[in-house]
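Everything below concerns the one structure shown next.
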Amino acid sequence: KTKAMVGLDIVSIVFSVVSVVMFVMSGPLASQASAFNFGDMPVFAGSASISWGYFVALVLLLVATGINIAVAKAPAKSDETLEEERLSRK
């Protein structure tokens, strides 16, 4: 299951970067229009830029990917080993 999580983490990072690139590329188009609606909210003098919050989210995604890779590579203990450790603690 952890190997699948690593794959999903990588997909999340890729789509996150792609969405930010597309958002920033749309900035010049938004600035050409004097006003437009974003849902029910009117937007005047629109622009698009990257904020520090995105970089925090990207770092957290990279950390989660690293943790999942470490967990996937860690050797798993067998049921017998776990039972022996449990009995030795008693």
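The values are calculated or read from the model by the stated rules, or taken from the named source; none is laboratory data. Quick caveat: nothing in here was measured; it's all calculated off a predicted structure. Cβ: placed from backbone, ideal geometry, glycine included. Neighbour counts: every protein chain shown. Accessible surface areas use protein heavy atoms only, side chains included; no ligands, DNA or RNA. Shrake-Rupley method; radii C 1.70, N 1.55, O 1.52, S 1.80 Å.
Points worth noting:
- Pairs where the first residue, in the range 62-87, is under 17 Å from V6 (Cβ atoms) and the second is in a helix (DSSP H, G or I) and open to solvent by 70 Å² or more (accessible area, probe 1.4 Å), C-beta under 6 Å, 6+ apart: N68/M5; A72/K3
- Residues (open to solvent by 90 Å² or more (accessible area, probe 1.4 Å) and in a helix (DSSP H, G or I)) located in the range 62-87: L62, I67, K73, D79, E80, E84, R86, L87
- Residues of the range 68-90 that turn out to be more than 34 Å from the chain's Cα centre (by Cα) and hydrophobic (A, V, I, L, M, F, W, C), as a count: 1
- Residues located in the range 50-61, provided they are outside any helix (DSSP H, G or I) and either out of contact with any Phe, Trp or Tyr (no Cβ under 9 Å at 6 or more places or on another chain) or closer than 15 Å to I10 by Cα (or both): S51
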